[in-house]
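The values are calculated or read from the model by the stated rules, or taken from the named source; none is laboratory data. Because the structure is predicted, anything quoted here is derived from the model rather than measured. No Cβ is skipped: glycine too gets one built from the backbone with ideal geometry, and neighbour counts run over all protein chains shown. Accessible surface areas use protein heavy atoms only, side chains included; no ligands, DNA or RNA. Shrake-Rupley method; radii C 1.70, N 1.55, O 1.52, S 1.80 Å.
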Amino acid sequence: MANFRDLALKYVLSEDEPAQRQIVEAAAKEIDSARANSTVVGNWAASVQQWISPASAGDDDVEDGEDGASGNILTRAKALSFLAGTLEALDRATLKTDQVLRLIGFFGAVFSYDHKAGITASAKALRQLYAMKNFRPDMAAKIIEDVCKLKEDFRLQTASTRLEIYELILSLVEDSSISSELQYHYGQSCGFVVDLLQLCQAERDPKNLMIWFKILAVILADYPQSPEVTEQIFKAFSAYFPISLRSSATPTAVTPDDLKGAVRSCFAAHQRLAPLAFPFLIQKLDQGDAITVAVKVDILKTIEACITQYEHPQNSVVPHMDKIWNSLKYEVRNGEVKETIDATLHVLRAIANKLNGSEPSGLKSYIDLVFKDCRDDLGSPTYTKQAGLLLVTVISANVRAYILENANLVGCIRQNLAQSKSPSHTKDLVLLLNSVLKERQKLIKTRKTEDEEQLKNETLTHLSSLFHEVYLPIWTKNISSPDTGQVDVLRQVVQGLDALVGQQVLRADGQVMLLCSRTTCSDICKLLTRILVKGLALSSNDNAATDSALEDDCVVALRNIVMNYGDGFPELMSGVRAEIRRRDWVTSSQYSLDALKDLVSRLAFIGCSEIPSNNALDVPSTRPYSPLQHFITLVAASLDLFPLAVPRDESVKEPLANSYLICVIHGAMLYFRDACAARHKPETLSARSSSDNNWLQEFEALPGDWLQQLDSADEATDEKLYSLTGDEPEVYRQFLRLSLFTLRCLYQRAASGTQPPWSDRILGQLANIAGLVVRSLDEKLQSLCNLAREAFNHFSAQTISPNKPRSELLTFGILEGLWPGAMVDLYKPGGVAETLLCDASDIGPPRAAIGAILANKHKGGPSTPDPESQTIKKVLEFWGNQIKEATTSTTTANPEAFTALNNIAMHIFAGAIARQDKNVANLVVPVIHEAISSEHANGEIVARSAGTLVRVGSSELLSSENHGVVRRLYKQWIYNILVKSLYRDVLPTADQDPARSGRHTTAILSIVSECPFKVYEEDLEPLSRLLITALNRPARGSEGLSSGLQTAASALQVLNEILANEPTTLEGHLEAVINGAVAVYGECSPKNKVSSSKSMVQCRKLVLQLLGALPQKFEERHLLSSSRKLQRMLALACGDPVRELRAVARQARANWEKLV
Amino acid sequence: MEKAALDNADPTILSVSQLPSRRQKNGAARHGPASKYDHLISPRQSGPWDLSSSVSSWSSDEDEGDEDLAIEPLDEQEIYDLISPISDPEHPHTLGQLSVVNLPDIHITPSRGNTLNTVLVELTPTVNHCSLATVIGLAVRVRLEKALPPNFRIDVRMKEGSHAQDDQVNKQLGDKERVAAALENDQLTRVLNKMMETCA
């Protein structure tokens, strides 16, 4: 006993929670070890007596404010919480039944006499006792009775105390064994509920309310009760509706939505509430404008929850159906707020779904009710849309509703279409018809097994006749010379046709097929194809509608149609081919060319942006199905049509029409790749970008016009292509195979062809296609097919000289997409890479790019003396010598020839720099340093092009997509070894030759302007001085205007970058920066006759951007002195001949105006 | 402002897509469903192999390339783009959406050349008794003064017959001193600034 008393005392005196826990654990251990010996338990219970007895006598008489009394209350509360804590720590099986009963009696009694101190602890203790193994359900009634004795004092308790009690009650009522005991004890009168309602009627705390509503929901759902009790409970929770939450200084975790959800679950707890809930909610809704949108949505969601959760809809929902409908229909018919309209439609849909499971008459009478009210509205243009929305929502709720009434609705729409009041009325009606079709598509797609029987017996004549009886007549009526309203109707018709062809039906044998017959599908295709090729027949004088919305809709519709009706695409293509062939493309107008350009990108989109499905039709197709069929058809047609125009006379400008045919092929590949990517994960596809077979070898056995043969064949000639379904990832592999075949075909034709039609423009396009195809293949397949060799052979039997200028573009295309691992053969000593790279004779842009690729994409590691590294070392040495020679030789310089040569050298260096090749430091950097220090005229050219060294690494050429080897910090690296040492030579104080320091400045700025800010962040001080010198350099004319401007532009670019990242660096130099920038602007001024050049415009833009950003970065005091001058200048700049610059100038002017 | 005080409580409003824009004029910039890859597949002389076509290169000034930097003189559409996003002082819509500013009612004379030009903007108030016509006119004037170079003379007037007192309003808007005086008024300046918030 003494032991427990000590523990109790320690507990009461302790303020520390962990210490208190230790104490109660010690007490619990004591009881556990004595196996709940009654003496021990008695002692334990009596240990708190000293705090209980005296207080209980005098507590009620003592005022709260008195110290002694409040002290008593506190210690008493603590003493009781010692007992509760011990119970919590006690083993659940220790206490015996009689002990549990006695303890319940003890703690229950606290609710009657100790309202100030004991409630929290007692509630906690009772919860622990409920959890004891020897707790018997009949004890629950006693607990509830005791708790209810609190009566009025309940609301005086703190919120956390009340929370304990709520949690106690919730755990009791949720227990199924207690529930049956309570039902037995109280019967239908549910007396304890009435007491609870009285006890908790004034609750306001959100956290407590959440549990209180849960208790009510449980009682409503699990306890049979008399209608009177139900009504009382209903009153208790409906009084809170609609519930909201005031913002409070001490926010709880409960949100208004939680509270709304809790009240809603009370409403929806049991169908017994239906006669009370529906009239109540509808009455709230009918208050009209008096309620806010949020409340309205809350009411609607609550009605929806009731409908969805009430069972026996025949008795719960049906009796209130009329009232709900009559109240809700106006929310849609006259409603304007999207949220309420959506919530209302959800309710209406919920009713239809609820009635779906009941007797058919219920659903039918509901839909009839909706029809009766909406039918007339369809005839009125003002309400067509809303009525349509209501009808479609209701009938598309489930398959049964749809099958019951869709024919009726379609009939109704057709009737109104015949008497349409205006084009916009027609549009709304067609839109409604389209929705009926689209909803049907959704229902079929998401059908369940139980729906299938109904779908098999569906009547379909009213749908299958839609094209000829509804859509076509409307189309014919409006197509002749459509105005805006009629175009809207036509657009709806197009979308309707799209939905119509997509309709599937379930045949009696369970097979799915298209609703429309083959002839109907074909007619629809022809109709829309006419719109597609219309542009070819028009000329610029026809003043065709500028709005291409109808054509765009046709394109999307055709894409979906040919996806469903596979034979549509060959039909479309044969129509388009005939139209294209009919015209002369040698001397075609720009207008026709634009039309052709639109047409080709649309064809690629229609045919290849979706993988066609294999749908059954009334008359089976003569062609075998393949998911790649459209791709084959499109590519074969383009290859067949090429070249469209071969001018007899060389002087005629190159016909662009040929290029557009190549565009189709490129577009088809891009779209088909996307279509595959949309269906499968990237890793699934990348696993399919390989093969164990050498595809090129397989192609040897195929005829040159294989694709054309595949396109025209009536039977499957390639098993791999025709055994696939659209969903298999294998489609991607076959697509790559066909793409490679196409590429091979084009390369072979181009390599042996002459110009025209194989112009540089087209060869460039082929290179792009080659890049796309080759980079999609994995390293293994690239090596297997030896594509590195084909880069130079161009898929021909005989080797083509890599130096043939026209073939360089083709070579570039393949090299661009190769993996380093697939290029090993090229780097053998004396091999192609070495021969090609160590050749300074033939020069052109592709050569530079090829150089960059070859210098970059090889497998060689940083340390091993592998052949690749050796080759590249030789190459770097070769070009280093070339540069050295050109900048030191005494022969007269030919700047143009050296510029081209230097360009190749720089690209090769850049390729090596991007991969941080170890040879760069000793073979390239010294050469560049020497070249830009030399007085030779070529030194200036080297300095100007130094930016190339950095730029190439971040260009598309060496992107990761093209498998370039680019180190992350290569810019930092080259900056450190190449640029840093140059700073000391260019500072204005240095005793230097000004021309030489000028070249150094040019080189530094050329490189720095290509680097991110972080790279040169450390050198801002010398750099900013250098920038100002560059801007204010008076001798710009002497170096040639272009060169001087380039340096100025680089300086401006860097200044803009510094301004964005570290403006304070410029604070001391602002005036110099502004003066320099204004001077540059003056030189590039629009008044200058040669100012049209792009570089000058660029310079002006950079100046305006720089000046415009200053007021945002600096305080007024730094800028005021220049403000007037700049505002004048910027006002003039607002009249710049280039539109984009005017916009920049206006922005800058506005920024400066804010200063004053 | 209360609903009852509106001069025109229910004006006709155009959607943004119905307003005249440069894109509609320029057929080349198509934005249909099939235009996703137009930039990639359109035939060009240059490509990734031709690195000299990048911006920092200065060797090829005559390149086709960057269309944004082409020379295009200031035209009526540009003036329209400047003033149509000004908000109406009464409605949460722009002057373009309310058809107060219309493209055909903007005239630049002489249409080309660097000498002195005149921009004439004729406004159409939504109702002919609109009391805010002067404020709208002032806003248009201020916007153009801040955005056009000094060689442009700005003339803002009410379209003939569109306003009951168009003579008076025009007189007010044409009087430089009255305009300057109006801009001294803080409250008016606040209204104007509010109206221009929607201008980019």
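For A:Ala616, the residues whose amide H sits under 5 Å from its own are A:Leu514, ignoring neighbours fewer than 5 places away on the same chain, with H placed 1.01 Å from N. For A:Lys29, a cut-off of 12 angstrom between C-alpha atoms picks up these aspartates and glutamates, skipping any fewer than 8 places away in its own chain: A:Glu88, A:Asp91.
Listed values for the stretch A:395-412 are Karplus-derived 3J(HN,Hα) couplings in whole Hz (6.51 cos²θ - 1.76 cosθ + 1.60, θ = phi - 60°), namely 6, 8, 5, 7, 4, 5, 4, 5, 5, 4, 10, 5, 5, 4, 5, 4, x, 4, and x replaces Gly and Pro. Listed by chain and number, the lysines placed with their C-alpha closer than 16 angstrom to that of A:Lys151 are A:Lys116, A:Lys142; residues fewer than eight positions away on the same chain are left out. The residues of the stretch A:823-1011 present an accessible area of 39 Å² per residue when probed at 1.4 Å with all protein chains retained.
Summarising the amide proton neighbourhood of B:Leu123: residues at separation of 5 or more, or on other chains, whose placed amide H is nearer than 5 Å comprise B:Arg157, B:Met158, B:Lys159. Could you size up the charge dipole of chain A around its Cα centre, putting +1 on the beta carbon of Lys and Arg and -1 on that of Asp and Glu, and report it in debye to the nearest 20? Here the size comes out at about 2180 debye. Electrostatic tally near A:Glu728: other residues with Cβ closer than 15 Å to its Cβ, Lys and Arg +1, Asp and Glu -1, net +3. With a/c under 1.5 counting as rounded, go ahead and sort the stretch A:518-818 into rounded, prolate or oblate using the C-alpha gyration tensor (a ≥ b ≥ c being the square roots of the eigenvalues; past the cut-off, prolate if a/b is larger than b/c, else oblate). Oblate is the answer for the stretch A:518-818, as a/c is 1.5 or above yet b/c matches or exceeds a/b.
Sequence-ordered 3J(HN,Hα) estimates for the stretch A:973-984 from the Karplus curve with 6.51, -1.76 and 1.60 and θ = phi - 60° stand at 4, 5, 4, 5, 8, 9, 8, 3, 6, 7, 4, 5 Hz, glycine and proline given as x. Rounded to whole numbers, the Karplus 3J(HN,Hα) couplings from phi for the stretch A:657-667 are 3, 4, 4, 5, 5, 5, 4, 4, 5, 4, x Hz, using 6.51 cos²θ - 1.76 cosθ + 1.60 with θ = phi - 60°, and x at Gly and Pro. Comparing the full protein assembly with the isolated chain, the residues of the stretch A:1142-1156 losing at least 50 square angstrom of accessible surface (1.4 Å probe) are A:Arg1142, A:Arg1146, A:Arg1149. Which number gives the lysine pairs in the stretch A:823-1011 that have C-alpha atoms under 23 Å apart and are eight or more places apart or on different chains? Going through the stretch A:823-1011 pair by pair, I get 23.
Here's the picture: charge each Lys and Arg Cβ at +1 and each Asp and Glu Cβ at -1 in chain A, and of A:Ile662, A:Thr75, A:Ile632 the one pushed furthest to the positive end of that dipole is A:Ile662. Kindly identify residues of the stretch A:822-851 having a loss of at least 30 Å² in accessible area between the isolated chain and the assembly of all protein chains, probe radius 1.4 Å. Those residues are A:Pro845. Need one word for the stretch A:1025-1156: rounded, prolate or oblate. Basis is the Cα gyration tensor (sqrt eigenvalues a ≥ b ≥ c); a/c below 1.5 gives rounded, then a/b vs b/c decides. Oblate is the answer for the stretch A:1025-1156, as a/c is 1.5 or above yet b/c matches or exceeds a/b. Each Cα pair under 8 Å and six or more residues apart adds its sequence gap; the mean of these over the residue count of the stretch B:73-196 is a relative contact order of 24 percent. Using C-alpha pairs below 8 Å separated by at least 6 residues, the relative contact order for the stretch A:518-818 is 18 percent.
Estimated from helices alone, the mean residue ellipticity of the protein assembly as shown at 222 nm is -19000 deg cm²/dmol (sum of -39500 (n - 2.57) over DSSP H runs with n ≥ 4, per residue).
Summing Lys and Arg as +1 and Asp and Glu as -1 over all other residues whose Cβ lies under 10 Å from the Cβ of A:Ser517 gives a net charge of -1.
Summed over both chains, the area buried between B and A is near 4600 Å², taken from the accessible surface of protein heavy atoms with a 1.4 Å probe.
Run the accessible area of the protein assembly as shown with a 1.4 Å probe and give the carbon-and-sulfur part as a rounded percent.
Taking all protein chains in place, the protein assembly as shown shows 50 percent carbon and sulfur surface.
Quick one: angle between helix A:119-130 and the longest Cα principal axis of chain A, in degrees between 0 and 90, rounded to 10, please. Taking Cα atoms only, the helix is inclined about 90 degrees.
Across chain A, Cα pairs under 8 Å and at least six residues apart give a relative contact order of 4 percent. For A:Lys526, a cut-off of 18 angstrom between C-alpha atoms picks up these lysines, skipping any fewer than 8 places away in its own chain: A:Lys477, A:Lys534. Think of a 1.4 Å ball rolled over the protein heavy atoms: the stretch B:73-196 then has 48 Å² of accessible area per residue. Counting charges near A:Glu405 (Lys, Arg +1; Asp, Glu -1) among other residues having Cβ under 9 Å from its Cβ returns a value of 0. Principal-axis analysis of the Cα atoms of chain A puts helix A:206-222 at an angle of about 70° to the longest axis. Rounded if a/c is under 1.5, else prolate if a/b beats b/c, else oblate: with a ≥ b ≥ c from the C-alpha gyration tensor eigenvalues square-rooted, which is the stretch A:823-1011? It is prolate, given that a/c is not under 1.5 and a/b is the larger ratio. Please check the stretch A:1116-1141 for residues whose accessible area, probe 1.4 Å, is lower by 40 Å² or more when all protein chains are in place than in their chain alone. Relative to the lone chain, where solvent access is computed with a 1.4 Å probe, the stretch A:1116-1141 loses at least 40 Å² at A:Pro1137, A:Val1138, A:Arg1139, A:Glu1140.
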